[in-house]
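Okay, structure first, notes after.
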Amino acid sequence: MSADVRDLLALAGRVAVDAGELLAARDGQVDVAATKSSPTDVVTEMDRKSEALITSRIRARRPADAVLGEEGGQTSGGESQAGPDRVRWVVDPLDGTVNYLYGLPDWAVSIAAEVDGTVVAGVVEVPRRGETFTAVAGHGAWLRRGEATLALHCSAGVPLGQALIGTGFGYDAGRRQVQGEVVAALLPHVRDIRRGGSAAVDLCSVAAGRLDAFYERGLNYWDFAAGGLIAREAGATVGGLAGKAESTSLTVAAGPGLYQQLEAFLARLNPERDAPRSQGRDA
């Protein structure tokens, strides 16, 4: 691991812990500040405060870097980066906002660092569980809990019929309708389904063997940039359907062998679609 990548990981870790502490002081005690894609897709004041803290801390140390944040979009650094080794930070300041709003523990701060468009380091901080998940490309994935640091290894050799699978649902009613149809078709063929409410945490759960697999349609890049790296570095396959990369269209993560079984099953269900929206459905 190069010194530069170690520095990126260390900065992401420090900033994620600080943002997590800021958020943990108020979880379950905030109100909805705004909605995004639908009335159920909410933003709290703390989403914005967390992203502002993360961006300001990164800018203080690395003013030339770009930042892609869920709330603020893409912003360039104070100095234009040109040539190789361009760094961009991909930030989800609060993944699992609805959990956070209701005082449920599965929410996280997710920070990934790209170099020339490739994610090389990632941190997912889960404050209410006292857990920090980290990974560096090519150097494995780790879980820090208190004073202990554990190497992560995803589940291996699990057949589809014995798999515990995580998923999530979008905010648009037409998308949810199809997602409900897909999970209903899948449920009789697996051990069980879990819906945790944070894609970043779910991907880390695949890395830790707490879930055998995870899939979801509609994730944004900041939802899976860090968690996807952590799952991959723990031995999981992360991607989409038909050899595609993970994307908003569909993201799938699972251990060796299981990924191919789950991907083939999902492909038969045509999950990369949404039902037509009925007038007033999202009102």
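The values are calculated or read from the model by the stated rules, or taken from the named source; none is laboratory data. The structure presented is a predicted model; accordingly, all values stated were derived computationally and were not measured. Every residue, glycine among them, receives a Cβ derived from its backbone with ideal geometry; neighbour counts consider all protein chains shown. In case anyone asks, the SASA skips ligands and DNA or RNA and just uses the protein heavy atoms, side chains included. Shrake-Rupley method; radii C 1.70, N 1.55, O 1.52, S 1.80 Å.
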- Item | Ordering of 226-235, 16-25 by burial proxy (mean other Cβ atoms within 10 Å per residue, highest first) | 226-235, 16-25
- Task: Report, in debye and to the nearest 20, how large the dipole of the chain comes out about its Cα centre when Lys and Arg carry +1 and Asp and Glu carry -1 on their Cβ.
- Result: 320 debye
- Task: Please name which of Q177, G103, A207 has its Cα lying farthest along the dipole of the chain towards the positive end, using unit charges on Cβ (Lys, Arg +1; Asp, Glu -1) and the Cα centre as origin.
- Result: Q177
- Task: Could you tell me what fraction of 2.2 N^0.38 Å the Cα radius of gyration of region 54-125 comes to, as a two-decimal ratio?
- Result: 1.21
- Chain lengthening between S247 and A10 when straightened (0.36 nm per residue, less Cα-Cα): 82.6 nm
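At 1.002 mPa s and 20 °C, plugging the Kirkwood radius over alpha-carbon pairs of region 138-283 into Stokes-Einstein gives what diffusion coefficient in µm²/s?
Result for D is 139 µm²/s.
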- Which of the helices in the chain, when you take each full DSSP H run, stretch at least 27 Å along the axis at their Cα atoms and have an average Kyte-Doolittle score of 0.5 or higher? 3-24
- Task: Write down the accessible area per residue of region 117-185 in Å², having rolled a 1.4 Å probe over the full set of protein chains.
- Result: 43 Å²
- Got a sec? Charge dipole of the chain, +1 on Cβ for Lys and Arg, -1 for Asp and Glu; which of L11, S76, L94 is way out at the positive end? L94
- Cα convex hull volume per residue for region 189-262, in Å³, equals 85 Å³
- Could you calculate, for region 84-171, the ratio of the Cα radius of gyration to the Kirkwood radius, expressed as Rg to Rh? 1.02
